[in-house]
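**Student:** Here it is, the structure in full.
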Amino acid sequence: MDNPLSNAGRRDRSVTVRRILKVNHAGEFGAIRIYGAQIWMARRLFPDIVPALREMRDDEIKHCRLFRDAMPSRKARPCRVMAFWSLGGYLLGFLTALGGRNMVWICTEAVESTVHRHLEDQLAFLEAGDPELHGLIASIQEEELAHLREAEKNQTARGVSYTLLLPVVAALTDLMIWLSTWGDSSWMRAEMARSKQS
């Protein structure tokens, strides 16, 4: 396990960078599984949204590869809980697609809005320390925001299912990110808040 503290008792930023790569790579893999399950169901239930889902899945496949390619030079390895991201992503995609096309878009909004918040924290953390990774994440964030806007645009109603599903999916996404970074996602957010106050 990575030791987040240096010999001087300060947090080792390179460990956090490795954890950022691990969780981003795992999250993209989870997103591929969500879209894969949704596409499988949508082909049978509402084929008109399949092209949009395929396009978003293609983006996630590309993002997953880019994060994997960035790992070796930073001594990062894939997340140990990839099986949870895989199974969780598939189940989430399958169950939301069973709930109908609106549930698919609510799921996308919940996941992408949570991911966007975490990417913002990562970008602030990486700005001075790793400009190359900062640039990579910034370019990926643009495509993730496009997914979020697509999901918001395609929702036909924001009723009870929206009120119930959105916070649950967002909380599950947050939990997986927190677990996969050994809590560093919370630390980065706290560090960013402190730097803005000073």
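The values are calculated or read from the model by the stated rules, or taken from the named source; none is laboratory data. From a predicted model like this one, the values you see are computed outputs, not experimental measurements. No Cβ is skipped: glycine too gets one built from the backbone with ideal geometry, and neighbour counts run over all protein chains shown. Remember, those area values only see protein heavy atoms, side chains included, never the ligands or the DNA or RNA. Shrake-Rupley method; radii C 1.70, N 1.55, O 1.52, S 1.80 Å.
**Student:** Cα axis of helix 184-197 to longest principal axis of the chain: angle in degrees, 0 to 90, nearest 10?
**Tutor:** 70 degrees
**Student:** If you average the sequence gap of Cα pairs under 8 Å that are 6 or more apart and divide by the length of the chain, what percent do you get for the contact order?
**Tutor:** 26 percent
**Student:** Let me ask something else about it. Under a Cβ-Cβ cut-off of 11 Å, what is the net charge of the residues other than L165 that fall near it, where Lys and Arg count +1 and Asp and Glu count -1?
**Tutor:** Taking every Cβ under 11 Å from that of L165, the sum is 0.
**Student:** Report the longest stretch of the chain that contains none of the trypsin sites (Lys or Arg not before Pro) sitting in a DSSP loop with at most 15 other Cβ atoms within 10 Å.
**Tutor:** Looking at the chain, 81-157 is the longest stretch - no exposed trypsin sites (Lys or Arg not before Pro) with at most 15 other Cβ atoms within 10 Å.
**Student:** To test your reading of the geometry: what angle, between 0 and 90 degrees and rounded to tens, separates the Cα axis of helix 160-180 from the longest principal axis of the chain?
**Tutor:** 30 degrees
**Student:** Can you compute the charge dipole magnitude of region 19-163 about its Cα centre, using +1 on each Lys and Arg Cβ and -1 on each Asp and Glu Cβ, nothing else charged? Give it in debye, rounded to the nearest 20.
**Tutor:** Its charge dipole is roughly 700 debye.
**Student:** Under a plain spin-label model, where a point goes 7 Å from the Cα along Cα-to-Cβ, how far apart in nm are A83 and D58?
**Tutor:** About 3.4 nm separates the two model spin labels.
**Student:** Which of rounded, prolate or oblate describes region 56-100 when judged by the alpha-carbon gyration tensor and an a/c cut-off of 1.5?
**Tutor:** oblate
**Student:** Which shape class, rounded, prolate or oblate, goes with region 122-182 when its Cα gyration tensor gives a ≥ b ≥ c as root eigenvalues, a/c under 1.5 marks rounded, and past that a/b bigger than b/c marks prolate?
**Tutor:** Because a/c hits 1.5 or more and a/b fails to exceed b/c, region 122-182 counts as oblate.
**Student:** Output the 0 to 90 degree angle, nearest 10, between the alpha-carbon long axis of helix 101-126 and the longest principal axis computed from the alpha carbons of the chain.
**Tutor:** Rounded to the nearest ten degrees, it is 10.
**Student:** Follow-up. Could you report the accessible area of L45 in Å², rounded to 10, computed with a 1.4 Å probe on the protein chains as they sit in the structure?
**Tutor:** The accessible area comes out at roughly 90 Å².
**Student:** While we're here: What nm distance separates the two modelled labels at R149 and S73, each placed 7 Å from Cα along Cα→Cβ?
**Tutor:** 2.9 nm
**Student:** Please give the calculated 222 nm ellipticity per residue for the chain, where each DSSP H segment of at least 4 residues contributes -39500 (n - 2.57) and the sum is spread over every residue; nearest 500 deg cm²/dmol?
**Tutor:** Calculated at 222 nm, the ellipticity per residue is -27500 deg cm²/dmol.
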